[in-house]
Amino acid sequence: MTFSMFAGFWTNWLWYRSVHYSSVFSTTLWTKIGLFFVFGLLAAFMVGLNIWLAHRLRPPLSAMSMEQQSLDRYRMGLAPYKTWLLVGVCALVGLIAGASAAGQWRTWLMWVNGVSFHQKDPQFHLDISFYAFDLPWFRFLLAFGFAAVILCLIAAAFTHYLYGGLRLTSPGARATAAATSHLSVLLGLFVALKAIAYWLDRYGLAVKSSDFKATGDWTGLRYVDANAYLPAKTILFCIAVICALLFFATLWRRTWQLPVIGFGLMVLSAILIGGLYPAIVQKFQVEPNEQAKEAPYVQKNLTATREAYGIDDTKVTQYDGKSTASDDAKLRADANDAASIRIMDPNIVSPTFEQAQEMKDYYSFPANLDVDRYPTKDGKLQDTVIGLRELNLKGIPKHNWINDHFRYTHGYGVVAAKGTEADDGQPVFTEYDLPSKGDLGTYEQRVYYGEKTTTYSIVGGPQKEIDHPTDDNGEVTTSYAGKSGVNLDNPLNRAAYAMAFNEPQILYSGAIGKGSRILYNRTPKERVEAVAPWLTIDGDAYPAVVDGHIQWIVDGYTTSNGYPYSSRTTLGDTTADSLTAGSDNRSVVAPQNQVNYIRNSVKATVDAYTGEVKLYQWDTQDPVLKTWMKAFPGTVLPKSAISPTLLSHLRYPQDLFKVQRELLTRYHVTDPQTFLTGSEVWQVPDDPTNKSGDAVPPYYLSMKMPDQSKQAFSLSTTFTPTGRDNLSAFMSVDSEADSADYGKIRILKLPTSTTVDGPKQVQSQFNSEQDVAAAIKYLKGGDSAVEYGNLLTVPLDGGLLYVEPVYVRGGGLKYPLQRKVLVTYGDRPPAFENTLGEALDKLFGTSSAAAGPPDTGTKAPPAASDPGVQQDLADAQKAFDAGQRALKQSGGPDWDAYAKAQKDLKAALERAQDAQKQQKQNQSTQSKQPKQKG
């Protein structure tokens, strides 16, 4: 058991030393040890002192009553062991108190290192740091004091009773003068602590949560708090001080009469002044004129909440939702400039990536891929769907200890595709194959640390690792050359890890030798959480190729629950959406963590090969981060250390955005009267593309808001009125970290006098349109399944353009292909075409939609001058028209005729393609023939 405890400590120390954050381990450890011993010894001393004093003040037992005679046998039995019993009781109290105090290491470090917010609360005019850093520590000290005094009181009373200082049934005085004085002092201390509690409760009103029927959950003072509870707490403080003095006075008066009367008056006052009086004020002063009474306090709550969540600079603009374009041609032209509309949904195409680029079963992609920006060959940035080919131990050919932990140790390479294009339904890959090649250049491709890497590996020793497969079904082997992990050359280290991982083979296996290193804690999130335990970590780490390395980028938040007047939110509930429910790699943050202040103060990176963790200061003004940087000096690098390449891949984090959008459903309002009426309350709509009932996830998209001159990488969402489905507002935040507008939140507020369709209504419109419904039904033919991609909303010339890619998982395929695109704008009927360009053409009535694309998803070849090709295209058009007529039969679609038309269409297109290929070959042959000399 002793070695098991040592193994846990030793392996933790070795791991922190291996990642070069040993100061975090030592600071945390010594803080816990210090608190444990200080408060443990203090509690043990207080209890032991009172037991000793009660024993010392025992009365003589010469004239014992029957009650005392019955206790005498217990005294006689305890006499030989009283010293050991005293030590045992003190030790038990000390252990419990010390363990409780050690758990407050964060509170202690924040109190002793706290820095000023340089901002004062509106009620008591104290710096906010008092509520964030000081008040929690004072409350802990108060709770410790109450617990210690109560334990001392119980221990002293029991000892006095055991040794005759207290008598319950004996005639005469119930307590000796010494016992009376001793217990009175302890009761006086208890009441004095209660007085301190009343005084701290005054400040606690600024961060108190309550239920306010006009707004729901409420933080801070309301009218009844400021005008009833606050003076009541002051009066009760004074009464408690007087009552405590009366208890102390028994040292001279030797009677409990006055202290008991005083204590009874304090209890009565607490009921009348602290309970009844505020209820009367609420009933007869506030409720008859609630809006006027509460408005000043609502204004304080509005201001504080918007500041605490970083939404105070939100720009709200009125937006009609109706097109201002002069003609359809302008709309069509502006649609290309409004956004780089992404038709590759990163939450759907992971199986397609696996089918095309997994290569081996022991590789795998996360269920939800990521969206980033990478330059094209001409230097322009494009939205890119990206994922890593990570190790999947479930797919290795044969499971045994050597294979699981020595041979299969890492993933390999990046796979990326254009977000705005598809090739016959497939992604257009910009980084592909194994080893990966493409537009990302040269970089270290081995992935030893990733979201799916949850087990330990032992690398660098005699046993070679499988690096990647070859074209001839062979395998290239490698040996880890990095300095990550813990060296297992030392027998003590091997024994410790054998115990810690419950794996005896680590101790004696011949596969471990000189140079062997053990890698563990390998997911980016758990590595950052370990080196920065004071951070709250975003649920989505994403990879980026930075300066020749694959870096996992992790967003870290500093939070507080003590910002006065700021409303609280539960992070787990706020950050949950339709993606977090069923994802294997997308998790919510801190499920039960209630906060009322949050900042994205740290950007962290984890090298996928070396495992190196770096923390960068991102919010240079955040006082909570400055406090932790004082507590753990040297662990956070300055913002200036972020390289330009890394900066270009940083983005606005989703979880912070989801917290802010939840708050903005109410706190977009700045007028307290409007806030109290609740007439402007919004809600985050449910995801219309599935039936989960969860909130629609925000999405990354390069787009241009009305006040912007060019597209910017943004994170966007929509709002609807409470209980309704029409659109209330569109929200977007600039996510380009190297932009001056980074973090700027823009809201386009739709008019309340007219209705603009929201996401659910648009999805319903798509599903109910006769032509669309018929085509969807056809796509679902056989055992095919249709999946809807992210429903994108794009502001366009005063209106809103909705775009939704449609995927088909058909036949025996286990992966979806992007086959269609749905678009709609304003009151226009939706267009449902093969490509985004064709859909926009049809939506805005341009000439390219006159012929209309076929419904098969097959791209028609371009027109040719060859008469045979023209005839084939004419046949294709006839077949297409016949198919459309079959779908629009008055008695319902004629599916037999439609199927025949599709066969004719396919045959005609194939003939046209063959003829055109032959024509190109003939032209190529003619161009290569030598010219005759004339």
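Worth a mention:
- Hits in region 471-509 (condition: over 30 Å from D433 (Cα atoms), aliphatic (A, V, I, L, M) and in a strand (DSSP E or B)): V486
Yes or no, residue by residue, for (1) closer than 30 Å to P816 by Cβ; (2) modelled with pLDDT under 90; (3) assigned by TED's automatic domain parsing to the domain that holds G539:
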| site | (1), (2), (3) |
| --- | --- |
| D423 | yes, yes, no |
| Y432 | yes, no, no |
| T477 | no, no, no |
| P491 | no, no, no |
| A495 | no, no, no |
| F501 | no, no, no |
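- Residue identified as part of a helix (DSSP H, G or I), modelled with pLDDT of 95 or more, in contact with a Gly (Cβ under 9 Å, 6 or more places away or on another chain) and closer than 30 Å to V149 by Cα among L86, L71, L35, L29: L35
- F190 being in contact with a helix residue (DSSP H, G or I) (Cβ under 7 Å, 6 or more places away or on another chain) and outside the structural domain of T250 (by TED's automatic domain parsing): no
- Residues (within 14 Å of the chain's Cα centre (by Cα), assigned to a loop (DSSP other than H, G, I, E, B) and at pLDDT 60 or above) located in region 582-612: V589, Q592, N593
- Against the test of being at pLDDT 90 or above and buried (at least 17 other Cβ atoms within 10 Å of the Cβ), the options K398, K418, K394, K437 yield a single qualifying residue, K418.
- Checking K691, K658 one by one, the residue that is under 30 Å from V786 (Cβ atoms) and part of a helix (DSSP H, G or I) is K658 and no other.
- Residue within region 479-501 that is touching an Asp or Glu at 6+ places or on another chain (Cβ under 6 Å), among the hydrophobic types (A, V, I, L, M, F, W, C), more than 25 Å from F6 (Cβ to Cβ) and in contact (Cβ under 8 Å) with a residue 12 or more places away in the chain present: no
- Per this entry, A147 is not counted among residues that are among the small types (G, A, S), surrounded by fewer than 17 Cβ atoms within 10 Å (Cβ to Cβ) and touching a Phe, Trp or Tyr at 6+ places or on another chain (Cβ under 8 Å).
- Taken as a whole, the condition of being in contact with an Asp or Glu (Cβ under 6 Å, 6 or more places away or on another chain), among the hydroxyl-bearing types (S, T, Y) and either without any contact (Cβ under 8 Å) to a residue 24 or more places away in the chain or surrounded by fewer than 21 Cβ atoms within 10 Å (Cβ to Cβ) (or both) does not apply to T442.
- Restricting the first member to region 103-129 and to residues that are surrounded by fewer than 18 Cβ atoms within 10 Å (Cβ to Cβ), and the second to residues that are among the aliphatic types (A, V, I, L, M) and not in a strand (DSSP E or B), the beta-carbon pairs closer than 6 Å and six or more apart or on different chains are N113/A631; Q119/I128.
- When we screen G94, G98, G77 for residues that are part of a helix (DSSP H, G or I), of a type outside the set (A, V, I, L, M, F, W, C) and at pLDDT below 75, the only hit is G77.
- Just one residue in the set T305, T384 is at pLDDT 90 or above, buried (at least 20 other Cβ atoms within 10 Å of the Cβ) and not in a strand (DSSP E or B); that residue is T305.
- The lone criterion from (1) closer than 30 Å to A737 by Cα; (2) within 28 Å of the chain's Cα centre (by Cα); (3) in contact (Cβ under 8 Å) with a residue 40 or more places away in the chain left unmet by T455 is number (1).
- Residue tally, condition out of contact with any Pro (no Cβ under 8 Å at 6 or more places or on another chain) and buried (at least 23 other Cβ atoms within 10 Å of the Cβ), over region 541-556: 5
- Meets criteria (assigned by TED's automatic domain parsing to the domain that holds L750, touching an Asp or Glu at 6+ places or on another chain (Cβ under 7 Å) and touching a residue at least 40 places away in the same chain (Cβ under 8 Å)) for T314: no
- Summed over region 741-767, residues that are among the small types (G, A, S) and modelled with pLDDT of 90 or more total 1.
The values are calculated or read from the model by the stated rules, or taken from the named source; none is laboratory data. All values reported here derive from a predicted model rather than from experimental measurement. Using ideal geometry, Cβ is built from the backbone for each residue, glycine included, and neighbour counts are taken over all protein chains shown.
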